Amino acid sequence: MKRLIDIVFALLLLALIWPLLVVLALIVRTDSPGPVVYRQVRVGLHGRSFGMFKFRSMVIDADRIGGYQTHQGDPRITRSGRWLRKTSLDELPQLFNVLLGDMSFVGPRPDVPAQRELYSEQDWALRTSVRPGITGLAQATLRSEARAGQRLALDLEYVRRQSFWLDLKILVMTVRQVLGKGSY
């Protein structure tokens, strides 16, 4: 049922916001050289890798210049990227990941392969037993301020407690986070 809801709402949202996607693509394109959409390898359901889409908010080859986490004032973030990240609009292309079945609206955020080492075997198996999400419990409660250990604990808590009602609560909390305060 969750998968069907994901597909229906992703299609509805894309139908409603396609003009916004075009405008954001133009902003990214005119702000800095490089592709409009960035595709990063992430780990999904059952440990399978997939390409997660985002509007590019960093300079070309940013992952080679620094680590997989950003920080306040990170020079790799473009001008438009700061605004896109603050509003979470850089995440909108992940609606296509939802349609492809790589992601869900709610679930633990997908990790990059290098983050595998942060987990025990048991925790990794639990973590990858669900589809990753555009938003999750860590993002809904701590946004970008979550430290690695906090995020890991919240991701595992979500997997253990997941339900339709928890997903709805996380979606509402995420909207409040995005509208109430931004990161970067």
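The values are calculated or read from the model by the stated rules, or taken from the named source; none is laboratory data. Just so you know, these numbers come straight off a predicted model, no measurement behind them. All Cβ positions, glycine included, derive from the backbone under ideal geometry; neighbour counts span all protein chains shown. When the accessible area is computed, the model is the full protein with side chains, heavy atoms only, and any ligands, DNA or RNA have been set aside. Shrake-Rupley method; radii C 1.70, N 1.55, O 1.52, S 1.80 Å.
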#### Entry: Spherically averaged projected area in nm², based on the convex hull that wraps the Cα atoms of the chain
9.9
### Message
Given a 1.4 angstrom probe, what's the average accessible area per residue across the chain, in square angstrom?
### Response
54
### Query
Measuring from centroid to centroid over Cα atoms, what is the spacing of segment 83-144 and segment 1-53 in Å?
13
### Query
Quick one: net charge of Asp74's neighbours, Cβ under 11 Å, K/R +1, D/E -1?
+3
### Query
Using a probe of 1.4 angstrom, how much of the accessible area of the chain is carbon and sulfur, in percent?
63
